[in-house]
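So the structure is just underneath, and the comments pick up after that.
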Amino acid sequence: MNKENCRIAALQMVSGPRVADNLLIAGQLIETAVAQGAQMVALPEYFPIIGAADADRVRAREDFGHGPIQDWLAETAQRYGIWIFAGSLPLTAADPEKMRNTSLVYNPAGECVKRYDKIHLFGFKKGNETYDEAAFIEAGDQLVAVDTPFGRVALSICYDLRFPELYRALGTVDLIMMPAAFTDTTGRAHWEILLRARAIENQCYLLAVGQGGRHENGRQTHGNSMIVDPWGEILDRKMKGPGVVIADLDHARIAEIRESLPALAHRTL
């Protein structure tokens, strides 16, 4: 299959506790990206809701295939004729006290064509700052990539970024999706380094779309959404606040780098 070049966009947000407000902002960002030629857009982790507590996200769960968030995603993809990578939203889990942190992919017909449930659950403790996703999230166990007219796309969410074996297990891809709500503490230390490393070692584009700013609940997320090319060069970025990061995915660029430095072909493990 011949792969088409395309314009890809990361839509950075600072989501709050009201789903309707967040969808309104996401819609405005999508409209802006489409006006700039975007054919594929990505929303951040927890784009529909970041509430006062983890329980707020659990209460906002939807059954897979049904619910106002998923209906909005399908309608929006169809209206603009674009691919939407819905960073993550809360879906029901087998454990009634927990949720799945799920990324969904919608094609231009408004059909949900792929689902990825976050595999690696974040845990962190430093001083008064603590996170334990396993307390309210049920982990996924399936690696997922999606084939589009623009190439093969690896799906992942936030903490997955720290596990390079995930991407190698998916094989050769053209684009890594990395929606996140990275903490400002870990983001300042590791975010850009890890993003560029994943793009370089997989010789592919990487779209990183974050929550970026101070949320109503007081949480500070790192932002710094960016698009990285297969050589590790940052093509566009936004540090804080809502906005659009946009660049072209160029298959000639991928081929050039893989031909001049055939690291993927040199693998022995």
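Assorted remarks:
- Residue in the range 71-88 that is of a type in the set (Asp, Glu) and modelled with pLDDT under 95 present: no
- Hits in the range 92-144 - residues which are in a strand (DSSP E or B), of a type in the set (S, T, N, Q) and surrounded by fewer than 12 Cβ atoms within 10 Å (Cβ to Cβ): Thr130
- Checking the range 154-163 against the condition returns no match, with no residue being more than 16 Å from Leu207 (Cα to Cα), buried (at least 18 other Cβ atoms within 10 Å of the Cβ) and not charged (D, E, K, R).
- Filtering the range 65-89 to residues that are among the aromatic types (Phe, Trp, Tyr), farther than 18 Å from Ser15 by Cα and either touching a helix residue (DSSP H, G or I) at 6+ places or on another chain (Cβ under 6 Å) or part of a loop (DSSP other than H, G, I, E, B) (or both) leaves only Tyr80.
- Tabulated pairs, the range 40-52, first within 21 Å of Ile227 (Cβ to Cβ), second among the β-branched types (Val, Ile, Thr) and part of a loop (DSSP other than H, G, I, E, B), C-beta under 7 angstrom, 6+ apart or interchain: Met40/Ile82; Val41/Ile82; Glu45/Ile157
- Matching residues in the range 167-208 - criterion: being over 17 Å from Lys238 (Cα atoms), touching a strand residue (DSSP E or B) at 6+ places or on another chain (Cβ under 8 Å), crowded, with 17+ Cβ neighbours inside 10 Å and free of Cβ contacts under 8 Å to residues at least 60 places away in the same chain: Tyr167, Leu170, Val173, Ile176, Arg198, Ala199, Cys204
- Counted residues, the range 30-59 - those being in a loop (DSSP other than H, G, I, E, B), crowded, with 20+ Cβ neighbours inside 10 Å and of a type in the set (Gly, Ala, Ser): 2
- Annotation: Glu233 fulfils all but one of (1) surrounded by 18 or more Cβ atoms within 10 Å (Cβ to Cβ); (2) closer than 19 Å to Ala9 by Cα; (3) acidic (Asp, Glu); the unmet one is (1).
- Selection status of Gly218, more than 23 Å from Pro164 (Cβ to Cβ) and small (Gly, Ala, Ser): yes
The values are calculated or read from the model by the stated rules, or taken from the named source; none is laboratory data. Not measured: the values here are computed from a predicted model. Don't worry about glycine lacking a Cβ; one is built from the backbone with ideal geometry, like all the others, and counts go over all protein chains shown.
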